[in-house]
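Input: a single structure, listed below in C-alpha cells.
The values are calculated or read from the model by the stated rules, or taken from the named source; none is laboratory data. Just so you know, these numbers come straight off a predicted model, no measurement behind them. Heads up, the Cβs are rebuilt from the backbone with ideal geometry, glycines too, and the neighbour counts pull from every protein chain shown.
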Amino acid sequence: MKKAFAMLLSLALLLGAAGAMAESTTITMGTNAGFAPFEYIGDDGEITGFDVELAYLMAQEMGMELVIEDMYFDGLLAALDQGTVDFVMAAMTINDERKEAALFSTPYFNASQAVVVLEDYEGIQTVEDIADKKVATQDGTTGYFMALDTFGCDASNVAAFKASTDCVLELTSGRADCIIIDDSVAQNFLQNFDGLKIVEGLEMPLEEYGIAVKLGNEELLEKINAALQTLVDNGTYDEIYAKYFLAAEETEGAEETAETEEAAG
C-alpha cells in the first residue's frame, strides 16, 4: 500500500511539474484595448497597437507565448496584484503612487497630456482656463488625475469614461468643453474624427510610460528590461515607433499641404 501511495505521489508531483512547465511557456499581459494607437481592436477583431507589437516581440525574446487580457484601465494594477496577469503594458505613466503598487520597467515611451476641443472653440488659452470647464477623460488615467489635482477642476465637472473614444462622444455632443488625454492619443483622435483640434501652447509636464510587474517579481522585471533593451539595440523598437507615430505625422503633414494647395488654387 505504501509503495502504491508513493508511486501515486510521485506521479502527482511529475504531473504538477509538467503543468508548471507548460504554464511557464506563456506570459499574460493586461491592457486596455481602447487607447489607440497604443492598444486597440484592429479591423480583424484582434488587439493590436504599438504596445501590443512590442509585447509580442518581448515575449518572443523571452522564449514565451503572449496571452492578452483586455480589461478596464483602472483595474489593471489590481489584476496584476491578484495574479490575473503577469505584467501590464497599457501606456501607463510611471508615478509615485503607482510605484507603491507595482514595479516598473525602464521607461519605453515619453509623453505628455493634451487638451482636445472642437475646432471652433476658443475658451481655453492657458492651463488656468481649464479649472471651470467640463472635462471628459479616461478613468484612472493621468489626464483624469491632472484634471482634478493640477488644473483644479471640480469633480462634478469631470466625466471619466472606461473607453477613450467615449470622451470624443462627450465632446461632440456638447456635454464637455474639452478632453484631457495623452498627446499621442489626442493626435489619433484628430486623424479619426473631424472637427477637433488640440489647444496649442499649453505647458504640460513630461511623462514616461513603463511596463508594470507585481511587487517582488524582480526576476520577471529583469527579463522584460533585457528583452526591451534588445529590441532597442537591434532597431526593432524604432521600426515599430515609425510605423505608429512617424507615418501618422507624415500623413497629417501631407493632408495639411494638400489643403493649403487647394486653398491657394
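To keep it simple, each residue is scored yes or no on (1) closer than 25 Å to Phe50 by Cα; (2) surrounded by 18 or more Cβ atoms within 10 Å (Cβ to Cβ).
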site: Leu80; (1), (2): yes, yes
site: Val85; (1), (2): yes, yes
site: Val88; (1), (2): yes, yes
site: Thr93; (1), (2): yes, yes
site: Glu100; (1), (2): no, no
site: Thr106; (1), (2): yes, no
site: Asn110; (1), (2): yes, no
site: Val116; (1), (2): yes, yes
site: Asp129; (1), (2): no, no
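Answer yes or no: is there a residue in the stretch 148-155 that is in a strand (DSSP E or B), at negative phi, at pLDDT 95 or above and assigned by TED's automatic domain parsing to the domain that holds Ala186. Among the residues of the stretch 148-155, not one is in a strand (DSSP E or B), at negative phi, at pLDDT 95 or above and assigned by TED's automatic domain parsing to the domain that holds Ala186, which makes the answer no. Yes or no: Asp183 modelled with pLDDT of 95 or more, closer than 21 Å to Thr126 by Cα and among the acidic types (Asp, Glu)? Yes. The single residue among Leu190, Leu221 that is in contact with a Leu (Cβ under 6 Å, 6 or more places away or on another chain), closer than 23 Å to Phe50 by Cβ and either in the same structural domain as Glu119 (by TED's automatic domain parsing) or part of a loop (DSSP other than H, G, I, E, B) (or both) turns out to be Leu190. For the stretch 158-209, taking the residues that are charged (D, E, K, R) and over 24 Å from Tyr241 (Cβ atoms), the one that is surrounded by the most Cβ atoms within 10 Å (Cβ to Cβ) is identified as Asp177. With respect to the stated conditions, Gly140 fails to be closer than 16 Å to Ala212 by Cα and out of contact with any helix residue (DSSP H, G or I) (no Cβ under 7 Å at 6 or more places or on another chain).
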